[in-house]
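Report on the structure given below.
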Amino acid sequence: MRHPRRLVLSGCLSALIVMTIFSALVGWAAPNLIPRAWTHHITTLLFLGFGLWSLWDAFHDGEAEELAEVEAKLDADLKANGGITKEKNKIDDDLKKQKQPILAQFFSPILLKAFSITFFGEWGDKSQLATIGLAADENPFGVVLGGIIGQTLCTTAAVLGGKSLAKQISEKMVALSGGVLFIVFGIQSFLSKVDS
């Protein structure tokens, strides 16, 4: 909300692409270190566990408190800046963009901050572990392609319309949908045959 969307989106997407490729590589290597049947069963348990975890989150609003804290911080920052309007921020951002060369924009502190926050924030997250599990059980190239497309769509929607989108879709509905999908994937994995 406070920084140029192009830089934030670029930093976030770069981190997610690196994380997806890294996770798929780990998942692809796992069956070479652990028997394929074990990786299949671990993947099944992860999907079912993540489904239950997401459903638990949907019915226990722990993330709503976190969102309220972030909104309170943003409101405090806005008041501290004397209520500077969005138009003034946009004009300032446009002036800054015109003064910076292209290379300086690419390696800007905002891009690096968005990259590092996203990369370390996603480390060990359900999506990373699910990507590892999927790549261990399925074609890693398909997992990378699907992961990158999915992350791109979600991140672009969040950066471009996060605040308005959050008013339209409840966190509970997102958590419920994610939980149900993880459980469906877990059941599908449980019912599928283990390749040797």
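The values are calculated or read from the model by the stated rules, or taken from the named source; none is laboratory data. These numbers come from a predicted model, not from an experiment. Methodologically, a virtual Cβ is constructed for each residue, glycine included, from the backbone with ideal geometry; neighbour enumeration extends over all protein chains shown. Surface areas here come from the heavy atoms of the whole protein model, side chains and all, with no ligands, DNA or RNA. Shrake-Rupley method; radii C 1.70, N 1.55, O 1.52, S 1.80 Å.
Structural remarks
- Residue check for A30: in contact with a Pro (Cβ under 9 Å, 6 or more places away or on another chain), part of a helix (DSSP H, G or I) and among the aliphatic types (A, V, I, L, M): no
- Yes/no for L191 being over 25 Å from F59 (Cα atoms) and free of Cβ contacts under 8 Å to residues at least 24 places away in the same chain: yes
- Pairs meeting the criteria (first residue in region 12-41 and open to solvent by less than 50 Å² (accessible area, probe 1.4 Å), second residue among the acidic types (D, E) and modelled with pLDDT under 90, beta carbons under 6 Å, at least 6 apart or on different chains) are M19/E122; H40/D137.
- Residues satisfying the stated conditions in region 24-55, i.e. among the aromatic types (F, W, Y) and closer than 17 Å to F185 by Cβ: F47, F50, W53
- Enumeration of residues in region 136-156 that are at pLDDT below 85, more than 16 Å from A15 (Cα to Cα) and part of a helix (DSSP H, G or I): A136, D137
- Of all residues making up region 139-156, the number that are out of contact with any helix residue (DSSP H, G or I) (no Cβ under 7 Å at 6 or more places or on another chain) and either among the small types (G, A, S) or crowded, with 18+ Cβ neighbours inside 10 Å (or both): 3
- Residue ID - least open to solvent (accessible area, probe 1.4 Å), chosen from residues in region 123-135 that are in contact (Cβ under 8 Å) with a residue 40 or more places away in the chain and either over 19 Å from W28 (Cβ atoms) or not in a helix (DSSP H, G or I) (or both): K126
- Scanning region 1-11 for residues that are buried (at least 16 other Cβ atoms within 10 Å of the Cβ) and either part of a helix (DSSP H, G or I) or at positive phi (or both) yields L7, V8, L9, S10, G11.
- Only listed residue being within 29 Å of A29 (Cα to Cα), open to solvent by 40 Å² or more (accessible area, probe 1.4 Å) and at pLDDT 75 or above, chosen from L176, L181, L160: L181
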